[in-house]
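Novice: Dropping a structure here in structure tokens format, bear with me for questions.
The values are calculated or read from the model by the stated rules, or taken from the named source; none is laboratory data. Computed from a predicted model, the values in this text were never measured in an experiment. Here the Cβ positions follow ideal geometry from the backbone for every residue, glycine too, while neighbour counts run over all protein chains shown. Please note that ligands, DNA and RNA were not included when accessible areas were found on the heavy atoms of the full protein model with its side chains. Shrake-Rupley method; radii C 1.70, N 1.55, O 1.52, S 1.80 Å.
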Amino acid sequence: MPKLGKVGSDHALGVLTDESCVGPTWSVALPGPLPRLFSYCVPDGARPAPGVRIRVPFGRGQRVGVLWAPVLAEPGLALKCIDSQLDATPLLDTALLDCIAWAASYYHYPLGEAVLAAFPPALRKGGLLSRPGLRLTETGGEALLAEAVRGSRQRQLLQMLSAHPPGVAESELTQFAHAVRQSVLVKEWVERVALPLATGSFQNPAVEPASPKPLNAAQQSAVAAVAADWARFQVWLLDGVTGSGKTEVYLSLIEQVTSAGKQVLVLVPEIALTPQLVARFAAHLRVALVVLHSGLSDSDRLQGWIAAQSGTALVVIGTRSAAFQPFANLGLVIVDEEHDPSLKQNEGFGFHARDVAIWRARSLNIPIILGSATPALESLRNLQLNRYRGLSLPERAGGARLPVISPVDVRGQRMSGGLSVTLIEAVEQHLLAGGQVLLYLNRRGYAPSLLCHACGWVAACLHCDAFMTWHRQSHLLKCHHCGHERAVPSSCPDCQTTLSPRGLGTEQLEDVLAGLFPDFGIERLDRDVLGRKGELDRRLARIRSGAARLIVGTQILVKGHDFPEVSLVGVVDADQGLFANDFRGSERFAQQLIQVAGRAGRADRLGTVLVQTHHPDHPGLNLLLRRGYGFFAAQLLQERLEAGLPPMRSSALIRADGPDAAPPQGLLETMANGLSTDEWVGLSVWGPVEAPLARRAGRFRYQLLLLAEDRGLLHDALNHLDEWIGTRRLSGVRWSIDVDPLDMA
Ligand SMILES: [Zn+2]
Ligand SMILES: [Zn+2]
């Protein structure tokens, strides 16, 4: 029988070091690049269970891992014993473990690494879920009653503990000297206990409570449809135009679920950008709510994680990593802005949070709602195939009308800093009428490149096949692909001529507007601004107060911000999105355009949207502007189906890169040849080709696209590659598999 260490006397819950252990064998998921589980033995007397964290010897060090399942010991094989068990009971239930196993296999990622996604950083490192504390014993209680406690400090300590029967953390008892605590322990008036880490005292964001707006007919029928079918798995696609009040539908459903004591998970693309959503949820829902995202401190993340895992928090709003959050009693999942590509992780564990959430909802047999004004083509396809059920909010809430979107033909027009006379006149007119104006340009910095007009020298990144963006305010040239920065040369390094900016970025647009409209405040919102803590909130406050009447920004503008006074939206450069280099380009462009247009005219003003383009006759743009996203998306989907592109066929992108071009290209060529045999009929192999950004951070990049109608065949091929590559030496070449890739760059 191994000796269990006292809580608080060691770093772990139980100390189980016994070299000659002959206990049961368990498979263990450990972080590392190998896609397999490891076997360890667990001492007799321990209480192993799937989902319990353990610390094990590994190589020369130790690793924190998760017990997976009991396995049969191989005879004659000497196994190492686990060092310690970190949790008394499993932190992840078997349904979640199953989901992680599915995701690791589907996205071809090592299971031991995938499991980590379910834990906050503090628990990944082996932190404990309990803290040492003291509790009054029965003897202590009697002594206190009998007034038998002499020392006044001892009496005060016992009185304090008697007011908190479950116990008080030792860290909160430091006002009592060590000797005092020791003496009451010796007399057995108090005993040591392990206290749960979460005290349940987390607070909702401080907001004024608000009552929900009454629902209109479309909102009511959406709520009623879901509520009529609570008790089973169903994916609902809530297709609501911008400003149609999807949030009210969410809130009403959340209230019903939480009043039944069940939890709700709300996944959003980028929480740091959506303070308004969190504030609205907190104002309307009088239940414990936590927010989970990677911008939180380790300790806040741990507290939120425990609150959700233990069931204390009824509503969890989180970014994509929350898709693997454990819950005590999950009753509903909502994925807001389900089309947003940031729900998918691009590097490492390339899971799509929406698809993981659907898997979990199915395994828990609960409903899931996907909301968007511009649904992803994958979701529209699933609706066509009756895998999803549709809910529609075709009109704006509160009688507001959708904005009128018109192209502005800039061919031959005189332009000032990227703005046509037509757009400048419209801006002036709206400002004078008291409205706010928003100008959208999805390119941060002052200018996308710096050029010598005399000799043609261009500021290019040394490490990438890309130009460096000129950031005038920080006096730097920055590469947006690898992060490389350098000082701005004062003149052309080749011929000493003065350099001139080429192209337009948001910094420059801000300058241009300040020159044209000096009497109106301007705010800029882009990723450069987000880098500074609190800056986004300050800028949003100046916009809401009306102190700023002109707003310039990148796609950050699009993410869930309401600007009720905006009456004009100008899309400065639509051409940027019209001719994208991958097949998802037009879908992305249309989504961004419709979302940014949706910022206009939300309250009682009719909004105007002007779209500057050199291609006013572009058929896609015309269809989008005349008929709206629904028609546009339907046609695009038809084109994809005919071309055999996703979602018609499943896809996976194999990427390889290296310090020289030949090895990664050669590796992918070998793969492509191996998969082009008769054995793989039904599998299309496209490439290898150079990646759109052929060199990044000094590495040459190639890619290979696999497509198959039969998803099983695609995964067989990927498994085959995984096994095959295990036998090869890859000198300096890195490779990865991206299943259902969204970003082809
Ligand atoms: Zn020059
Ligand atoms: Zn670079």
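Novice: If ALA308 satisfies every condition in (1) open to solvent by less than 10 Å² (accessible area, probe 1.4 Å); (2) within 16 Å of TYR250 (Cα to Cα); (3) not in a loop (DSSP other than H, G, I, E, B) but one, which is the exception?
Specialist: If we test ALA308 against (1) open to solvent by less than 10 Å² (accessible area, probe 1.4 Å); (2) within 16 Å of TYR250 (Cα to Cα); (3) not in a loop (DSSP other than H, G, I, E, B), just (2) comes out false.
Novice: Would you say LEU237 is closer than 30 Å to LYS559 by Cα and assigned to a helix (DSSP H, G or I)? Give the steps one after another, and end with the answer.
Specialist: On the way: closer than 30 Å to LYS559 by Cα: yes; assigned to a helix (DSSP H, G or I): no.
Against the criterion (closer than 30 Å to LYS559 by Cα and assigned to a helix (DSSP H, G or I)), LEU237 does not qualify.
Novice: Looking only at the stretch 482-495, how many residues end up being crowded, with 17+ Cβ neighbours inside 10 Å and within 16 Å of ligand 1 (Cβ to nearest atom)?
Specialist: So the answer is 1.
Novice: Among residues belonging to the stretch 483-500 that are under 22 Å from ARG532 (Cβ atoms) and not in a strand (DSSP E or B), point out the one that is nearest to ligand 2 (Cβ to nearest atom). Explain how you work it out, then say what you get.
Specialist: First, pick out the residues of the stretch 483-500 that are under 22 Å from ARG532 (Cβ atoms): 483-488.
Imposing the further condition that a residue be not in a strand (DSSP E or B) reduces the set to 483-484, 488.
Numbers: GLY483: 7, HIS484: 5, VAL488: 16 Å.
Of everything passing the filter in the stretch 483-500, HIS484 is nearest to ligand 2 (Cβ to nearest atom).
Novice: Then there's this: Can you say whether THR242 is surrounded by 17 or more Cβ atoms within 10 Å (Cβ to Cβ) and closer than 19 Å to SER379 by Cβ, as far as the supplied structure shows?
Specialist: yes
Novice: Select from the stretch 496-515 the residues that are within 14 Å of PRO448 (Cα to Cα) and within 16 Å of ligand 1 (Cβ to nearest atom) and list them in ascending order.
Specialist: Step one: list which residues in the stretch 496-515 are within 14 Å of PRO448 (Cα to Cα), which gives 499-509.
Within the stretch 496-515, LEU499, SER500, PRO501, ARG502 qualify.
Novice: Continuing with the same structure: Considering only residues that are of a type in the set (Gly, Ala, Ser) and open to solvent by less than 60 Å² (accessible area, probe 1.4 Å), which ones fall in the stretch 423-441?
Specialist: If the condition is that a residue be of a type in the set (Gly, Ala, Ser) and open to solvent by less than 60 Å² (accessible area, probe 1.4 Å), then ALA426, GLY434, GLY435 are the ones that fit.
Novice: Would you point out the residue of the stretch 692-709, among those that are outside any strand (DSSP E or B) and within 11 Å of ligand 2 (Cβ to nearest atom), that is surrounded by the fewest Cβ atoms within 10 Å (Cβ to Cβ)?
Specialist: GLY698
Novice: Examine the stretch 578-590 for a residue that is on the phi < 0 side of the Ramachandran plot, acidic (Asp, Glu) and part of a loop (DSSP other than H, G, I, E, B), and state whether such a residue exists.
Specialist: Our first condition is that a residue be on the phi < 0 side of the Ramachandran plot; within the stretch 578-590, this holds for 578-590.
Still in the running and acidic (Asp, Glu): 582, 587.
Now narrow it down to the ones that are part of a loop (DSSP other than H, G, I, E, B): 582.
So far as the stretch 578-590 goes, yes, one or more of its residues are on the phi < 0 side of the Ramachandran plot, acidic (Asp, Glu) and part of a loop (DSSP other than H, G, I, E, B).
Novice: Which ones in the stretch 567-577 are outside any helix (DSSP H, G or I) and in contact with a helix residue (DSSP H, G or I) (Cβ under 8 Å, 6 or more places away or on another chain)?
Specialist: Selection gives SER567, LEU568, VAL569, GLY570, VAL571, VAL572, ALA574.
Novice: Sticking with this structure for a sec: All but one of (1) more than 16 Å from ligand 1 (Cβ to nearest atom); (2) under 25 Å from ALA691 (Cα atoms); (3) of a type in the set (Gly, Ala, Ser) hold for SER474; which doesn't?
Specialist: Here SER474 meets the rest and fails (2).
Novice: Considering only the stretch 458-481, state which residues are within 13 Å of ligand 2 (Cβ to nearest atom), part of a loop (DSSP other than H, G, I, E, B) and open to solvent by 50 Å² or more (accessible area, probe 1.4 Å).
Specialist: Result: LEU462, HIS463, ASP465, HIS480, HIS481.
Novice: Let me ask something additional. Could you check TYR109 against (1) part of a helix (DSSP H, G or I); (2) within 30 Å of LEU653 (Cβ to Cβ) and say which number it fails?
Specialist: The failed condition is (1).
Novice: Another one. Can you find a residue in the stretch 337-355 that is closer than 12 Å to VAL264 by Cα and of a type outside the set (Asp, Glu)?
Specialist: Among the residues of the stretch 337-355, not one is closer than 12 Å to VAL264 by Cα and of a type outside the set (Asp, Glu), which makes the answer no.
Novice: Looking at (1) more than 30 Å from THR174 (Cβ to Cβ); (2) under 27 Å from the mean Cα position of the chain (by Cα), find the lone condition where VAL64 falls short.
Specialist: Only one criterion in (1) more than 30 Å from THR174 (Cβ to Cβ); (2) under 27 Å from the mean Cα position of the chain (by Cα) is unmet by VAL64, namely (1).
Novice: For GLY503, are the conditions met, namely being on the phi > 0 side of the Ramachandran plot, within 15 Å of ligand 2 (Cβ to nearest atom) and surrounded by 19 or more Cβ atoms within 10 Å (Cβ to Cβ)? Steps first, answer last, please.
Specialist: On the way: on the phi > 0 side of the Ramachandran plot: yes; within 15 Å of ligand 2 (Cβ to nearest atom): no; surrounded by 19 or more Cβ atoms within 10 Å (Cβ to Cβ): yes.
No: the conditions fail for GLY503.
Novice: Out of LEU550, LEU525, LEU557, which single residue is free of Cβ contacts under 8 Å to residues at least 60 places away in the same chain and crowded, with 20+ Cβ neighbours inside 10 Å? Don't jump to the end; show me each part of the working.
Specialist: Values: LEU550 fails: free of Cβ contacts under 8 Å to residues at least 60 places away in the same chain; LEU557 fails: free of Cβ contacts under 8 Å to residues at least 60 places away in the same chain.
One residue alone meets the criteria, LEU525.
Novice: Mind listing just one residue for me: the one in the stretch 37-49 that is part of a loop (DSSP other than H, G, I, E, B) and more than 14 Å from ARG63 (Cβ to Cβ) and, of those, most open to solvent (accessible area, probe 1.4 Å)?
Specialist: Here the answer is ARG47.
Novice: Still on this structure, please answer the following. Tell me which residues, restricted to the stretch 235-253, are under 26 Å from GLN345 (Cβ atoms) and at pLDDT 95 or above.
Specialist: VAL235, TRP236, LEU237, LEU238, ASP239, TYR250
Novice: Can you find, within the stretch 442-457, the residue that is surrounded by the most Cβ atoms within 10 Å (Cβ to Cβ) among those that are touching a residue at least 24 places away in the same chain (Cβ under 8 Å) and out of contact with any Gly (no Cβ under 7 Å at 6 or more places or on another chain)?
Specialist: So the first thing to find is which residues in the stretch 442-457 are touching a residue at least 24 places away in the same chain (Cβ under 8 Å), and the list is 442-455, 457.
Restricting the remaining residues to those that are out of contact with any Gly (no Cβ under 7 Å at 6 or more places or on another chain) gives 442, 450-455, 457.
Working: ASN442: 21, LEU450: 23, LEU451: 19, CYS452: 20, HIS453: 12, ALA454: 14, CYS455: 12, TRP457: 17.
Per the stated criteria, the residue is LEU450.
Novice: When you check LEU653 against the structure, is it assigned to a loop (DSSP other than H, G, I, E, B), under 28 Å from the mean Cα position of the chain (by Cα) and away from ligand 1 (no atom under 16 Å from the Cβ), yes or no?
Specialist: Criteria not met by LEU653.
Novice: Could I ask something else about it? So ALA672 passes all but one of these: (1) in a helix (DSSP H, G or I); (2) of a type in the set (A, V, I, L, M); (3) open to solvent by 30 Å² or more (accessible area, probe 1.4 Å). Which condition number does it fail?
Specialist: Result: ALA672 passes all but (3).
Novice: Could you list, in sequence order, the residues of the stretch 604-648 that are farther than 13 Å from ARG381 by Cβ, open to solvent by 40 Å² or more (accessible area, probe 1.4 Å) and not in a helix (DSSP H, G or I)?
Specialist: Matches in the stretch 604-648: ASP604, ARG605, LEU606, THR608, HIS614, HIS615, ASP617, HIS618.
Novice: Also: When only residues in the stretch 697-723 that are of a type outside the set (Gly, Ala, Ser) and over 20 Å from SER651 (Cβ atoms) count, which is farthest from the chain's Cα centre (by Cα)?
Specialist: Step by step, filter the stretch 697-723, then rank; the result is GLU723.
Novice: Go through (1) more than 27 Å from ASP355 (Cβ to Cβ); (2) among the hydrophobic types (A, V, I, L, M, F, W, C); (3) modelled with pLDDT under 95 one by one and return the number of the condition PHE700 breaks.
Specialist: (3)
Novice: May I pose another question? Would you mind stating whether ALA103 is crowded, with 17+ Cβ neighbours inside 10 Å and part of a helix (DSSP H, G or I)?
Specialist: yes
Novice: I would also like to ask the following. Do you know which residues across the stretch 337-360 are surrounded by 23 or more Cβ atoms within 10 Å (Cβ to Cβ) and of a type in the set (D, E, K, R)?
Specialist: Answer for the stretch 337-360, where residues must be surrounded by 23 or more Cβ atoms within 10 Å (Cβ to Cβ) and of a type in the set (D, E, K, R): GLU337, GLU338, ASP340, ARG354, ARG360.
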